[in-house]
1. If you take the Cα atoms of the chain, find Rg, then find the Kirkwood Rh from the mean of 1/r over all pairs, what is Rg/Rh?
2. Just the accessible area for Thr125, please: 1.4 Å probe, Å², rounded to the nearest 10?
3. Would you list Glu134, Glu36 from the most to the least accessible area, probe 1.4 Å?
4. Take the alpha carbon atoms of the stretch 162-177, find their center, do the same for the stretch 96-120, and report the distance between the two centers in whole angstrom.
5. On a 1.4 Å probe surface of the protein chains, which of Trp51, Trp17 comes out largest in accessible area, and what is the full order?
6. Would you list Val133, Val90 from the most to the least accessible area, probe 1.4 Å?
7. To the nearest 500 deg cm²/dmol, what mean residue ellipticity at 222 nm is calculated for the chain from DSSP H runs of n ≥ 4 alone, each contributing -39,500 (n - 2.57), summed and divided by the residues?
8. Among the lysines, select those whose C-alpha is under 19 Å from the C-alpha of Lys97, and discard any that sit fewer than 8 residues away in the same chain.
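The values are calculated or read from the model by the stated rules, or taken from the named source; none is laboratory data. Since the model is a prediction, treat every value here as computed from it, not as a measurement. The accessibility values were calculated without ligands, DNA or RNA, using every heavy atom of the protein model including side chains. Shrake-Rupley method; radii C 1.70, N 1.55, O 1.52, S 1.80 Å.
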Amino acid sequence: MPTPTAPAPAARLARTWIHWRRGRDLPVTSAAHGVEDANRRFLLYGVLPLWVVPGVADWWMHRRTRIEETSGARESAVHALMMTEAGVPVAVGLLAKINPLVLSVMGGAAVAHGATALYDVSFATGRREVRPVEQHIHSFLEVLPLTAMAFVACLHPEAVRATLRGGPGPDDWKLLPKERPLPARYLAALAATISVGVALPYAEEMKRCLRARRTRRAA
């Protein structure tokens, strides 16, 4: 009688994500009891939701300087790229276990985001007015990814040490769900905040830019 074969690593990993909410939720709404709780609450209820504020302000500055008539869809596409570079590590950090793989994704995304932001400003300044207020808004958008990563590192020093050692553990380079997931209500509220405050405004910006480009080509 043939012996059953063990599931492939990819199949085992997929199975862990199918039941990713099996563990007890991590409590983040109760009063803080110590530095770790305070840091976690400030990251989840301060840094991440307030990230939307400079994003909306930046969108408004693009609208005031009529991005659709100047730098157009190309700059708007760069904004979409930067949102992806910021959104992917945020999603991974909220859902996955913090390990060397996740920290490396966060660090790489932060470097890519900074490089893209530099290109964005260089491209825009030659085509539309980038006012000092907008440049100051950019400073918040550039530092917040690093701030969020710093909080994550402080909350998970063991993962930082493992990363510095090259990730020697068997699960250090696997994308695993959190053992204690964040509450579904919090994740849903944050997703709604990002959708309303980031995704919708910048989708509207891209729509305006594409419409203006079609109008110019038709003229």
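1. Numbers: Rg = 20.7 Å, Rh = 19.6 Å.
Taking Rg over the Kirkwood Rh, I get 1.06.
2. For Thr125, the solvent-accessible surface is approximately 80 Å².
3. Numbers: Glu134 0, Glu36 105 Å².
The ranking, largest first, comes out as Glu36, Glu134.
4. What the calculation gives is 17 Å, centre to centre.
5. Numbers: Trp51 40, Trp17 70 Å².
From most exposed to least exposed: Trp17, Trp51.
6. Working: Val133 90, Val90 30 Å².
In descending accessible area the options line up as Val133, Val90.
7. After summing the helix terms and dividing by the residues of the chain, the value is -21500 deg cm²/dmol.
8. Lys174, Lys178
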